[in-house]
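For reference, the structure discussed in these notes is given below.
The values are calculated or read from the model by the stated rules, or taken from the named source; none is laboratory data. Here the structure is a predicted model, which means the values were calculated and not measured. Backbone-built Cβ (ideal geometry, glycine too); neighbour counts: all protein chains shown.
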Amino acid sequence: MAKLNPYLNFDGKAEEAFNFYRSVFGGEFLGGVMRMSDAPGTENLPEDEKKRVMHIALPIGEDVLMASDIVPSMGHKLNVGNNNYISVFPESREEADRLFGALSAGGTVEMPMADQFWGDYFGSFVDQFGIHWMINYAARQGHNK
């Protein structure tokens, strides 16, 4: 079975965002932080773009959250929207509340954590970096995946 990992794009904020996510989830970046300047053919990029993140990856449980920055001088444009959410399935209500509180700080809560009609404890928000998140604790065993 294939494994899916969320991959996020930022406009110069990937490292800041991932340092924040690491402060919430813990762990270390896989392979460190790769910069645009590490790639061949980037010698002519503006200096500020050379420092942008080409790839960063943070293990979270059995999954990996990955990201990069866009490169405006290469014609990249970032369109932040609600078409992507990262859905996190914590192992307890307490962990759901902790993650929701930490990740939503400085962001916009769409739906506060609450018991839902489908039986789960759920909430959603947009974090301070414009990333959409869902926290879903399923009290019923085996309903989290």
Subject >> All positions within segment 48-66 that are more than 15 Å from H76 (Cβ to Cβ) and touching a Ser or Thr at 6+ places or on another chain (Cβ under 9 Å) >> reply: K51, I56
**OP:** Residue by residue through segment 24-40, note down the ones that are in a helix (DSSP H, G or I) and either assigned by TED's automatic domain parsing to the domain that holds W133 or within 30 Å of E95 (Cα to Cα) (or both).
**Re:** V24, F25
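Listed here are the residues, each with its yes/no results for (1) of a type outside the set (S, T, N, Q); (2) in a loop (DSSP other than H, G, I, E, B).
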residue: N19; (1), (2): no, no
residue: R22; (1), (2): yes, no
residue: T42; (1), (2): no, yes
residue: E49; (1), (2): yes, no
Original post:
Going by the structure shown, is A96 in the same structural domain as D127 (by TED's automatic domain parsing), over 15 Å from the mean Cα position of the chain (by Cα) and free of Cβ contacts under 8 Å to residues at least 12 places away in the same chain?
Top reply: no
Subject >> strands (runs of 3 or more DSSP E) contained in segment 93-145 and holding at least 1 residues exposed (fewer than 12 other Cβ atoms within 10 Å of the Cβ) >> reply: 108-115
Original post:
Do we have V64 as among the β-branched types (V, I, T), farther than 19 Å from Y137 by Cβ and either assigned by TED's automatic domain parsing to the domain that holds K51 or in a helix (DSSP H, G or I) (or both) here?
Top reply: yes
